[in-house]
Amino acid sequence: MRKFILVILIPSAMEEIVSMNWDVLEIPLRKPFKIAFETMDTYRGVIVKICTEKYCGYGEAAPAPRITGDTVASVVAALERFKPMLIGRNPIKIGKIMDDLNSSLLGTPSAKAAIDFALFDILGQKMDTPLKDLLGGKKEKIETSLTVDIGDLNYTLQHARKLLDAGAKVLKVKIGLNPEEDVERIKAIRKMTDAKIRVDGNQGYSLKTAMKVLKEIEKYDIEFAEQPIPAHEIDNLKILRENVDIPIIADESVHNSLDVLRLIGKVDGINIKLMKSGGIYEAMKMASIARTAGMKIMIGCMIETHVGIAAGTHFALGIGADYADLDGYWDLTKQPYLGVKYKDGYNSVPDKAGLGIIPQ
Ligand SMILES: [Mg+2]
């Protein structure tokens, strides 16, 4: 007897990842960028593109060796390891994919962030919705600080003037190298403008120096002070917070949700950077813990292209962050991608599905 086998082909509702590619970028900065622990003159990062048959999502890794513990070389090695774990997967199952990447390799948060952004970009495109709305849709625009890095008084005033002329409503002034000069710089900027001033010590001071400097600049109406002391000095952050009248925001002390738990009651808020957290999936947990604990939420960035800053802006808008510092592309001499809009001190995103990245 002859047997017949009937094969019926049903188009699959699931769309799988068919390719993942990346480009290493090296873009000189318009001028050296100086903070307490380093001076940078070139941005080095990796742009990742993940595609299904129908959609392509973009992501970016902006490794900051002294903060995230990764480099361009380690990001590329991580991406090579992750690629076979992604091909053939359903890109919408972001939580499961990120859990698998985390189980496979400790660290390399910026490589994981790049994949996470690309997956969320695909999700947004599939839903035909801007990512910010999928993440909560709480804001349409957010005030961003523009950064005055470290330099002499003359440089500080010239640079601050330039940023104010560009519409800055908030100046983030880098401090942490020279206490006397820092106080003079803040005093001079306050004399020049009524704009909000926040300061960032990038771990540069001891507790004693931080206490002294912050007390001296209290009278200049400082919005908050970011990470004035070393990252591991969690208990000293609490002492600082109890002794000065400027709110304290943790940055280098907080990378992931476990760090947020450790900081409850010790700082007024946290600076979430998607390059530290390994992307949006982990950052959502961080934001939930911080909100529940009554902490302020700031969304920050590294030096990044529009791809990373767009992800940060969508996230900040979606969850309704309290503060944003999303100016990481300002000093790049080239913008190979567009995705974020800046106008009169505010960041917003174009009305496009997903992250809305446009390669130039
Ligand atoms: Mg900071």
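The values are calculated or read from the model by the stated rules, or taken from the named source; none is laboratory data. Source: prediction; values computed, not measured. All Cβ positions, glycine included, derive from the backbone under ideal geometry; neighbour counts span all protein chains shown.
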Tally time: how many residues in the range 216-233 are touching a residue at least 40 places away in the same chain (Cβ under 8 Å) and either among the hydroxyl-bearing types (S, T, Y) or within 13 Å of the ligand (Cβ to nearest atom) (or both)?
4
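Kindly indicate the residue of the range 216-268 that is among the small types (G, A, S) and assigned to a strand (DSSP E or B) and also surrounded by the fewest Cβ atoms within 10 Å (Cβ to Cβ) among those meeting that condition.
Quick first cut of the range 216-268, residues among the small types (G, A, S) only: 225, 231, 250, 253, 257, 265.
Imposing the further condition that a residue be assigned to a strand (DSSP E or B) reduces the set to 225, 250.
Numbers: A225: 26, A250: 24.
Among those that are among the small types (G, A, S) and assigned to a strand (DSSP E or B), it is A250.
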Is it true that D259 is under 20 Å from the mean Cα position of the chain (by Cα), away from the ligand (no atom under 13 Å from the Cβ) and at pLDDT 95 or above?
yes
Pairs where the first residue, in the range 265-280, is closer than 12 Å to A62 by Cβ and the second is within 11 Å of the ligand (Cβ to nearest atom) and of a type in the set (G, A, S), C-beta under 6 Å, 6+ apart:
K273/G300
Just a yes or no: is a residue in the range 234-244 farther than 15 Å from P179 by Cα, among the hydrophobic types (A, V, I, L, M, F, W, C), within 12 Å of the ligand (Cβ to nearest atom) and touching a strand residue (DSSP E or B) at 6+ places or on another chain (Cβ under 8 Å)?
no
Would you mind stating whether A290 is in a helix (DSSP H, G or I), more than 13 Å from the ligand (Cβ to nearest atom), aliphatic (A, V, I, L, M) and within 10 Å of the chain's Cα centre (by Cα)?
no
Tell me whether the range 41-60 contains one or more residues that are in a strand (DSSP E or B), in contact with a Phe, Trp or Tyr (Cβ under 8 Å, 6 or more places away or on another chain) and more than 19 Å from L355 (Cβ to Cβ).
yes
For I299, are the conditions met, namely being buried (at least 17 other Cβ atoms within 10 Å of the Cβ), within 21 Å of I142 (Cβ to Cβ) and within 14 Å of the ligand (Cβ to nearest atom)?
yes
With the checklist (1) under 24 Å from P91 (Cα atoms); (2) touching a Leu at 6+ places or on another chain (Cβ under 9 Å); (3) small (G, A, S) in hand, flag the one item G300 doesn't pass.
(1)
Every residue from the range 331-345 that is crowded, with 17+ Cβ neighbours inside 10 Å and within 22 Å of V173 (Cα to Cα):
D331, L332, Y342, G345
Give me the residue from the range 317-360 that is within 16 Å of the ligand (Cβ to nearest atom) and in a strand (DSSP E or B) and, out of that set, nearest to M40 (Cα to Cα).
A324
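I'd like the residue in the range 201-215 that is part of a loop (DSSP other than H, G, I, E, B) and not small (G, A, S) and, out of all such residues, is farthest from the ligand (Cβ to nearest atom).
Residues of the range 201-215 that are part of a loop (DSSP other than H, G, I, E, B), as a first pass: 201-206.
Applying the additional criterion that residues be not small (G, A, S) yields 202-203, 205.
Numbers: N202: 6, Q203: 9, Y205: 13 Å.
Applying the filter and picking the extreme gives Y205.
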